[in-house]
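The structure under discussion appears below in the form of structure tokens.
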Amino acid sequence: MTESAGKTRVRIAPGAEVADDVSIADGVIIGPEVKIESGCIIAAEVEVRGRTTIGRNTRISTGALLGFPPQHREQDGEESTLVIGSSCLIGERVTIHRGTAEKGITRLGRGVRLGAFSHVAHDCLLGDGVRLGSLTQLAGLVEIGNNAHLGNMVGVHQHVRIGSGAVVADHAKVNKDVPPYLKVAGHPAEITGTGNCPDTESRLMITRAYELFCRSGLNTNQAKEKIKEELSGPVITELLAFLEKSTRGICR
């Protein structure tokens, strides 16, 4: 573990596991159940609590509060966990809460980037490469697929699912599920086009699926059947599976 010159007030509780090469700045507090893996950089005034694991080469910016108890009225001290993957970037004053008894874990995948003052509530599950803009707020039990990007000042309702490659525009209010590879905007959010598709062929298929789902005049079930008839491939299979599993309804 390396320390900044002139450092004061760094507190690492007995029992914490901190790799030798972790860089820790002034005013950092690390609790007894915390594990921080090699290559991490922790800026000033960060506090990490609870049963929290931080993966290799993750950077945590000034004032972030990680692994705090969930803000849930039924939480009664149950053991729960926060896991942050490798190579993440946690912005200034970010807050991330541990899970509740319902799932027991809040998890961030590899390469997640959280903008300043964003919040990840209890039991959220974020895939690899997810990005949240500044001041974006996730309520509890939100699930976000790989490489989904949420803009600045986005609000996401509890239990919402956001699919892989989805894009959420700045200031959107998301109270229903966002299908994979599509883009939503508005207050409340509605689908406006395609999102982050893995390649050109996938983008063409998702664009056609978007037209059938949002521009054809078909209802949801009719649109799903039409998509099944016309289109195929991994992204279409993923899209249809997501639509089938939706319980909150779709941002449409």
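Screening segment 64-85 for residues that are modelled with pLDDT of 75 or more and small (Gly, Ala, Ser) and picking the one that is surrounded by the most Cβ atoms within 10 Å (Cβ to Cβ) gives Gly67.
Okay, residues lined up against (1) of a type in the set (Phe, Trp, Tyr); (2) farther than 20 Å from Gln158 by Cβ; (3) at pLDDT 95 or above:
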site	(1), (2), (3)
Ile90	no, yes, yes
Thr100	no, no, no
Gly104	no, no, no
Leu108	no, no, yes
Val120	no, no, yes
Cys124	no, no, yes
Asp128	no, yes, yes
Leu132	no, no, yes
Thr136	no, no, yes
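Based on this model, can you work out whether Thr52 counts as crowded, with 20+ Cβ neighbours inside 10 Å, β-branched (Val, Ile, Thr), touching a Gly at 6+ places or on another chain (Cβ under 9 Å) and over 30 Å from Pro198 (Cα atoms)? Spelling it out, Thr52 is indeed crowded, with 20+ Cβ neighbours inside 10 Å, β-branched (Val, Ile, Thr), touching a Gly at 6+ places or on another chain (Cβ under 9 Å) and over 30 Å from Pro198 (Cα atoms).
Within the bounds of segment 238-248, is there any residue that is under 20 Å from Asn147 (Cβ atoms) and either buried (at least 21 other Cβ atoms within 10 Å of the Cβ) or β-branched (Val, Ile, Thr) (or both)? Yes, the conditions are met somewhere in segment 238-248. For segment 77-112, enumerate the residues that are aliphatic (A, V, I, L, M) and within 23 Å of Asn147 (Cα to Cα). The answer is Leu82, Val83, Ile84, Leu89, Ile90, Val94, Ile96, Ile105, Leu108, Val112. From the residues in segment 179-200 that are in contact (Cβ under 8 Å) with a residue 60 or more places away in the chain and more than 19 Å from the chain's Cα centre (by Cα), which one is nearest to Asn147 (Cα to Cα)? Going through the qualifying residues, I end up with Ile191. Whenever a residue of segment 217-239 is without any contact (Cβ under 8 Å) to a residue 40 or more places away in the chain, its partners that are part of a loop (DSSP other than H, G, I, E, B) and not aliphatic (A, V, I, L, M), lying with C-beta atoms within less than 8 angstrom and at least six residues away or across chains, give the pairs Thr220/Arg252; Ala223/Ser216; Lys226/Ser216. For segment 48-60, the criterion of being without any contact (Cβ under 8 Å) to a residue 60 or more places away in the chain, within 18 Å of Ser118 (Cα to Cα) and among the polar types (S, T, N, Q) is met by at least one residue. Checking every residue in segment 166-176 against the condition of being crowded, with 23+ Cβ neighbours inside 10 Å, within 26 Å of Leu125 (Cα to Cα) and of a type outside the set (A, V, I, L, M) gives zero matches. Of all residues in segment 145-174, those that are more than 21 Å from Thr247 (Cβ to Cβ) have Cβ atoms under 6 Å from Cβ atoms of residues that are in a strand (DSSP E or B) and not aliphatic (A, V, I, L, M), 6 or more apart or on another chain, in His149/Arg131; Val167/His149; Val167/Lys183.
Taken over segment 86-95, the criterion of being assigned to a strand (DSSP E or B) and closer than 18 Å to Asn57 by Cα is satisfied by Leu89, Ile90.
The values are calculated or read from the model by the stated rules, or taken from the named source; none is laboratory data. These numbers come from a predicted model, not from an experiment. Here the Cβ is made from the backbone with ideal geometry for all residues, glycine too, and neighbour counts use every protein chain on show.
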